[in-house]
Each structure stands twice: as structure tokens, then as C-alpha cells.
1. Of these, Thr105, Thr54, Thr15, which one is at pLDDT below 95 and of a type outside the set (A, V, I, L, M, F, W, C)?
2. For residues in the stretch 67-87 being charged (D, E, K, R) and exposed (fewer than 14 other Cβ atoms within 10 Å of the Cβ), which is modelled with the lowest pLDDT?
3. Enumerate the pairs (first residue in the stretch 51-79 and touching a residue at least 12 places away in the same chain (Cβ under 8 Å); second residue anywhere and in a helix (DSSP H, G or I) and of a type in the set (Ser, Thr, Tyr)) with beta-carbon separation below 7 Å, excluding pairs fewer than 6 apart on the same chain, so at least 6 apart or on different chains.
4. Right, Glu37: of a type outside the set (S, T, N, Q), surrounded by 10 or more Cβ atoms within 10 Å (Cβ to Cβ) and either closer than 28 Å to Lys11 by Cα or in contact with a Ser or Thr (Cβ under 8 Å, 6 or more places away or on another chain) (or both) or not?
Amino acid sequence: MFKDFFAAQRKPMTTDRLCESVLQILIVGNLSFNQAENPKLVALLKEAFPQCNTPNRKSVFKRLKKEAGLAKTGLVERCQAIDSKVSLALDGWHSKVGNMEFLGTSL
């Protein structure tokens with residue numbers, strides 16, 4: 001089991017993959033895009049991946065827009081492939097306390 005783990009070939013880190021990884025961290029942690037420019041995170045990324053450009057909040061935002069566009073295209077294609085009618089309801093709201101935002105979807 002351990003032999004298989006260590007024998008696995010890892011893809012080399014690229015600037016694009018690093019930006020995607022930082023975006024995933026920010027999304028999962030529900031963090032601000034400003035955290036991409038956190039000096040400690042930047043120092044860690046520069047030390048771990050000196051050959052890559054460290055992402056900033058603007059590059060992470062661009063990556064999110066790109067991923068959202070791809071997801072939208074995929075969703076449209078999936079919906080067009082359905083041989084029946086689809087009803088989609090969306091609702092968004094903001095909490096008065098706690099500064100939280102919500103998005104609800106229903107198919």
C-alpha cells in the first residue's frame with residue numbers, strides 16, 4: 001500500500017495549477033480573495049514552488065470566472081440533453097445578522 005503511494009507520479013506544479021489550488025482553498029474555507037495575498041501564504045508558496053508565480057486576488061478571481069463559465073456551459077449542455085421539461089427556481093438572500101449570504105436552487 002505504501003509502495004503504491006510513493007510510486008505514484010505527481011504532476012509538476014505549474015502557475016495555473018497553483019492558482020487553482022489557492023482558489024479551492026479559498027472556496028472551501030469560505031475565505032476572502034485577499035487571503036491569496038496573505039504574506040505568510042505567499043512566503044510558503046514561494047518556498048514550496050519557486051518556479052511558479054504566486055497567485056494574487058485578481059488572478060484567483062479570473063480563475064473563478066473561468067471555472068464558473070465552464071460550469072455554466074456544462075450545465076447548459078446537460079439541460080439541453082434532457083428529453084423532458086425542467087423547472088429551475090433560484091433564490092438568493094442576505095442575513096441581517098452575521099453578514100452571510102445564501103443561494104438556494106431547486107430543480
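The values are calculated or read from the model by the stated rules, or taken from the named source; none is laboratory data. From a predicted model like this one, the values you see are computed outputs, not experimental measurements. Virtual Cβ from ideal backbone geometry, glycine too; neighbours counted across all protein chains shown.
1. Details: Thr54 fails: at pLDDT below 95; Thr15 fails: at pLDDT below 95.
Selected residue: Thr105, the only one of Thr105, Thr54, Thr15 that is at pLDDT below 95 and of a type outside the set (A, V, I, L, M, F, W, C).
2. Of all residues in the stretch 67-87, those charged (D, E, K, R) come to 67, 72, 77-78, 83, 85.
Then drop every residue that is not exposed (fewer than 14 other Cβ atoms within 10 Å of the Cβ), which leaves 72, 77-78, 83, 85.
Numbers: Lys72: 91, Glu77: 90, Arg78: 87, Asp83: 85, Lys85: 79.
Among residues in the stretch 67-87 that are charged (D, E, K, R) and exposed (fewer than 14 other Cβ atoms within 10 Å of the Cβ), the one modelled with the lowest pLDDT is Lys85.
3. Within 7 Å, the pairs are Cys52/Thr15; Asn53/Thr15.
4. Working: of a type outside the set (S, T, N, Q): yes; surrounded by 10 or more Cβ atoms within 10 Å (Cβ to Cβ): yes; either closer than 28 Å to Lys11 by Cα or in contact with a Ser or Thr (Cβ under 8 Å, 6 or more places away or on another chain) (or both): yes.
Spelling it out, Glu37 is indeed of a type outside the set (S, T, N, Q), surrounded by 10 or more Cβ atoms within 10 Å (Cβ to Cβ) and either closer than 28 Å to Lys11 by Cα or in contact with a Ser or Thr (Cβ under 8 Å, 6 or more places away or on another chain) (or both).
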